[in-house]
1. Give the calculated FRET efficiency between residue 24 and residue 104 to the nearest 0.05, with a Förster radius of 30 Å applied to their Cβ-Cβ distance.
2. Express in nm, to one decimal, how much length is gained between residue 75 and residue 242 on full extension, taking 0.36 nm for each residue of separation and deducting their alpha carbon distance.
3. If I measure Cβ to Cβ between cysteines in the chain, which ones have no partner under 4.7 Å?
4. Only counting other Cβ atoms within 10 Å, I'd like 183, 11, 57 sorted with the fewest neighbours first.
5. Taking residue 73 as the anchor, which aspartates and glutamates have their alpha carbon closer than 16 Å to its alpha carbon, excluding any fewer than eight residues away along the same chain?
6. Given Cβ point charges of +1 (Lys, Arg) and -1 (Asp, Glu) and nothing else, what value in debye, to the nearest 20, does the dipole of the stretch 34-133 about its Cα centre take?
7. Let's test the formula: R0 of 35 Å, r as the Cβ-Cβ distance of residue 17 and residue 219. What FRET efficiency results, to the nearest 0.05?
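FYI, it's all coordinate maths here, none of it is from the lab. Here the structure is a predicted model, which is why all the values come from computation and not from measurement. When we count neighbours, we look across all protein chains shown, and the Cβ atoms used for this are built from the backbone with ideal geometry, even at glycine.
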Amino acid sequence: MDSLRSALQPITHNLPTPIQDLGISLLGPSCYRSLMLDIDVEAVECLKLAVSKGLGIAIVGAASIVKLPQIIKLARSQSATGVSFLSYLLETSALLITLAYNVRNAFPFSTYGESALILAQDIVICLLVLNYQRRPGGAAVLVAGLAVGASGLLVADADTLGYLQAGAGVLGVASKLPQIVAIWQQGSTGQLSAFAVFNYLLGSLSRIFTTLQEVDDKLILYGFVAGFILNAVLALQMVYYWNAPSGKAMSKRKEAPSATTTATSMSGKSPTTRRRG
C-alpha cells in the first residue's frame, strides 16, 4: 500500500486547480485530504461518501437519457399501447413536488438532480401519449396544470411543502401501479421500454444508498424503498412477458381462427339439388 501511495501522491498533489476545487466541493476539505492527498483507504466514512457521490453523479448522468428510448419507441410506433398515461401523470406530479422540496431544502444536487431531467422527459411522454390517444385538448390542460403547480410550490411554506413531499412519496409509489396493472391485463409490455424499466430499478436501489449517506430525511428514504420494490415488480414483468405479442397482435390472432371457421362453414353449405314438393 505504501508503494501505491508513493506512486499516486505526486499525481494527486498536482492536479489542476479546477479538479481540486471540484473534489473539495463534492467531498469536503477533510475527506478530500484523506482520500486524495493522504490516500488513506481506511477512512471508511470518506470512502462511503465518495461512493455515494459517484453513484449520485452517475444517476444524474443516466437520467438525462433514461426515458429517451421510451420517447423514441413511442414516436416510431405512433402508438401508446402498453403505456399508462395515468402512471406517467402521477410520476410527473411526484417529481415536480420532489424537485421543489429538495431545492427549497438546499440538499446536494447529486442526491436529486435526476428529478429535473426525468421530469422533463416524462412531460414529453405524457404529451406523446395524449397525442396518440387522440386527446390534444388534454395536452394544454396538462401544461397549464404543471405551470400552476410549480408556481404554488415556489411559495408554499415549509410545513406545507413537507406534507406535499409525503404525498409525493405516495404518488411516486402509486404511479407504478397503473403500469403494473396495464401489463397484467394486456399480457404484454407493449411499447414500454426495457431500458427505462431496468435503469429505474438500478437507480432506485442506488438512491437508497445515497440517501442514507447524504440526506437525513426519512420521507425521501421511504419513497425510494417503496419505489424500488415496485420497480422490481415491473422488471420481473418485463422479463416474464419479454417475448409475449402485443395486445393488438393477440387480438388479431383471436380473430383469425373465427374468420376461418366462418368461411369454412359457409363453404360447406352447398346448394341442394333435391326436388321439393
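1. 0.75
2. On the way: separation 167, 0.36 × 167 = 60.12 nm, distance 2.08 nm.
Result for the pair: 58.0 nm of gain on full extension.
3. 126
4. On the way: 183 22, 11 9, 57 15.
Least to most surrounded, the residues fall as 11, 57, 183.
5. The reachable aspartates and glutamates, counting only those whose Cα sits under 16 Å from residue 73, are 122.
6. 520
7. On the way: r = 38 Å, r/R0 = 1.10.
FRET efficiency, residue 17 to residue 219: 0.35.
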